[in-house]
Amino acid sequence: MARILVTDDAAFMRLQLKDIFEKMGHEVVGEAADGKEAIEKFEELQPDLVTMDITMPEMDGVEASKEIMKNHPDAKIVMCSAMGQQAMVIEAVELGAKDFIVKPFTPERVEEAISRVI
Amino acid sequence: MSAVTQENFESVKYLLNGTISSIKKVIPMDLDVNQPSRLENHLQLEFGVLIGITGDLQGRLVLSANSQVFSSVGESMYGIPLEGEMLSSFSGELGNMIAGNISSIIHEEDINLDITAPTIMEGSTKVKGFSKALQMQVDLKDKGNMDVCLLLDQ
């Protein structure tokens, strides 16, 4: 069982991801609505894995991931975004993201990504 | 037609086609997208979501419909009818997914777009301040219609 931090500005999407993870037997230890909150909650909760949306107010997911990876190079981050163009996927992988899930996603796609990382 | 105008025309054409493809990809319902038309005046709506578009084209994408139509789309995607705060949140996310997929689709034509976080509009709202606007109606059959507007700044 992994301890997961879910980051997305949409409460609806956080609920969907939480539901998928809990059905997989994982624990969602925290939720963040923007990049800044994700950094704070990562420090506080030290989760096994973070899902990270990209387009968010305050601080986007790419900036937040860079900040987390700077202090925690072994952090496991899976991007989860509607922006799926190749350049963005490459940028995410270069900064250390373990996978890139494009929205809308199926529960199977989320399970596949998470199972590979954990 | 000058080179610049031709280039702009091509970009708008790709944006329009990308919007239609994205809607069909994201919404898993039997739907038809009607022929686009120019919107001459302001946009008036009761419930909708606005996403800013930046990059090679500047503007906004607006989805508007009766809230029950958004709820039906949510049910088709996630199996549960939505209401209240979750319906508003889903509607924003639907706009995010459609705009994000437009961005991915037209990136293949070397047009780079970024999008902003969604703004939800509830209650009588008038949207003004754009130089050109294109409107398409998405016919969701017995579930109703959704209007999709591309408001362009240039």
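The values are calculated or read from the model by the stated rules, or taken from the named source; none is laboratory data. Just so you know, these numbers come straight off a predicted model, no measurement behind them. Heads up, the Cβs are rebuilt from the backbone with ideal geometry, glycines too, and the neighbour counts pull from every protein chain shown. All accessible areas refer to the heavy atoms of the entire protein, side chains included, with ligands and DNA or RNA removed. Shrake-Rupley method; radii C 1.70, N 1.55, O 1.52, S 1.80 Å.
Distant-in-sequence amide contacts of residue A:101, defined by a placed amide H-H separation under 5 Å and a gap of 5 or more residues or a different chain, comprise A:79, A:80, A:81.
To the nearest 20 Debye, how big is the dipole of chain B about its Cα centre, given +1 on the beta carbon of each Lys and Arg and -1 on that of each Asp and Glu?
Using Cβ point charges on Lys, Arg, Asp and Glu, chain B gives about 300 debye.
At 1.4 Å probe size, with every protein chain present, just tell me what the per residue accessible area of the protein assembly as shown comes to in Å².
Per-residue accessible area for the protein assembly as shown comes out at 45 Å².
Sequence-ordered 3J(HN,Hα) estimates for the range B:42-50 from the Karplus curve with 6.51, -1.76 and 1.60 and θ = phi - 60° stand at 6, 9, 10, 8, 10, 8, x, 9, 10 Hz, glycine and proline given as x. When the Cα atoms of the protein assembly as shown are aligned to their principal axes, the ranges along those axes come out at 56, 43, 28 Å in descending order.
Extending 7 Å from the Cα toward the beta-carbon at both residue B:122 and residue A:95 defines two label points whose distance is 3.2 nm.
Taking 7 Å steps out from each Cα toward its Cβ at residue B:37 and residue B:25 produces label points 2.9 nm apart.
Relative to a virtual label point 7 Å from the Cα of residue A:40 in the Cα→beta-carbon direction, which members of the range A:2-34 show backbone nitrogen distances below 18 Å? Output list for this probe position: A:5-11, A:29-34. Taking Cα centre as origin and charging only the Cβ of basic (Lys, Arg, +1) and acidic (Asp, Glu, -1) residues, the dipole magnitude of the range A:1-106 rounds to 320 debye.
If R0 is 22 Å, the Cβ-Cβ spacing of residue B:131 and residue B:108 corresponds to a FRET efficiency of close to 0.25.
Across the options A:11, A:52, A:102, the greatest Cα extent toward the positive end of the charge dipole of the range A:3-117 (unit charges at beta carbon of Lys, Arg, Asp, Glu) belongs to A:102. Given all pairs of different Cα atoms, what value in angstroms does the Kirkwood hydrodynamic radius of chain B take? Here the Kirkwood hydrodynamic radius works out to 15.6 Å. A protection proxy built from the mean count of other Cβ atoms within 10 Å ranks the segments B:66-74, A:47-55, B:141-149, most packed first, as A:47-55, B:66-74, B:141-149.
Computed over the alpha carbons of the range A:3-117, Rg followed by Dmax gives 12.4, 33 Å. Counting Lys and Arg as +1 and Asp and Glu as -1 over every other residue whose Cβ lies under 12 Å from the Cβ of residue B:134, the net charge comes to +2.
Which of B:136, B:41, B:91 sits closest to the plus end of the dipole of chain B, meaning its Cα is farthest towards the positive end, when Lys and Arg get +1 and Asp and Glu get -1 on the C-beta? Looking along the dipole axis, the top candidate is B:41. Label zone of residue A:74 (point 7 Å out along Cα→Cβ, amide N under 16 Å): in the range A:1-45 this covers A:3, A:43. Between 0 and 90 degrees, the angle of helix B:3-26 with respect to the longest Cα principal axis of chain B falls at about 20 degrees.
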